1. So, of the residues in the stretch 99-117 that are over 15 Å from Arg49 (Cβ atoms) and modelled with pLDDT of 95 or more, which turns out to be farthest from the ligand (Cβ to nearest atom)?
2. Take the residues in the stretch 69-89 that are in a helix (DSSP H, G or I) and more than 13 Å from the ligand (Cβ to nearest atom), then tell me which one is nearest to Lys9 (Cα to Cα).
3. Can you name the condition, by its number, that Leu62 falls short on among (1) more than 19 Å from Ile93 (Cα to Cα); (2) surrounded by 16 or more Cβ atoms within 10 Å (Cβ to Cβ); (3) of a type in the set (A, V, I, L, M, F, W, C)?
4. Surrounded by 10 or more Cβ atoms within 10 Å (Cβ to Cβ), more than 9 Å from the ligand (Cβ to nearest atom), within 17 Å of Ala2 (Cα to Cα) and not acidic (Asp, Glu): which single residue out of Asn96, Asn92 fits that description?
5. Pull up the stretch 22-36, narrow it to residues that are more than 15 Å from Arg80 (Cβ to Cβ) and within 15 Å of the ligand (Cβ to nearest atom), then point me to the one that is surrounded by the most Cβ atoms within 10 Å (Cβ to Cβ).
6. Give the stretch 46-68 a look and list any residue that's more than 15 Å from the ligand (Cβ to nearest atom) and in a loop (DSSP other than H, G, I, E, B), or say none.
Amino acid sequence: MAISVITNKNFIKEILEEAREIVNDPKANPIYSAPYLIIISAKDGHITRLEDTACIIENMSLKATDLEIGSCYIRGMFERFDKDARFIKKLNIEKNFYPVHGLILGYPKTELKGKNHKIKTNFID
Ligand SMILES: Cc1cc2nc3c(=O)[nH]c(=O)nc-3n(C[C@H](O)[C@H](O)[C@H](O)COP(=O)(O)O)c2cc1C
């Protein structure tokens with residue numbers, strides 16, 4: 001796995017522009033103008049790359065929430081990129097590693113509030 005923490009605004013813009021080209025929508029904003037972007041990459045075809053990535057992102061999201069920093073898991077944008085996406089070369093990650101998913105971070109405009117999820121749970125004795 002590889003973690004790329006991107007604080008460079010121009011690079012985030014470049015990634016966003018490339019994503020806009022793919023969906024042919026110059027106004028698409030899949031990262032909601034967030035100021036920080038973390039990309040988790042994995043070795044090509046690694047069998048548990050999705051699970052590994054999700055675990056890392058969940059841990060980062062929990063810590064961000066603890067620090068009162070807003071975060072959002074970003075899957076959609078990354079799943080549209082091909083292996084030859086221009087920005088990948090600039091991530092400076094190992095050969096044969098490719099972005100899986102990402103996490104955006106930023107200070108929220110309003111207070112963070114969790115939802116009261118109700119997931120049906122069965123107890124089988
Ligand atoms: C695996 C995964 C991928 C997600 N990808 C995106 C995404 O690409 N864009 C987005 O806006 N939110 C994405 N989310 C966030 C969800 O849409 C949702 O806001 C988040 O899971 C919180 O759920 P809740 O609002 O029901 O608590 C993703 C969440 C997960 C778990």
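1. Tyr107
2. Phe87
3. Just one mismatch for Leu62, condition (2).
4. The match here is Asn96.
5. The selected residue is Ala34.
6. His46, Ile47, Leu67, Glu68
The values are calculated or read from the model by the stated rules, or taken from the named source; none is laboratory data. These figures come from a predicted structure and were not determined experimentally. Here the Cβ is made from the backbone with ideal geometry for all residues, glycine too, and neighbour counts use every protein chain on show.
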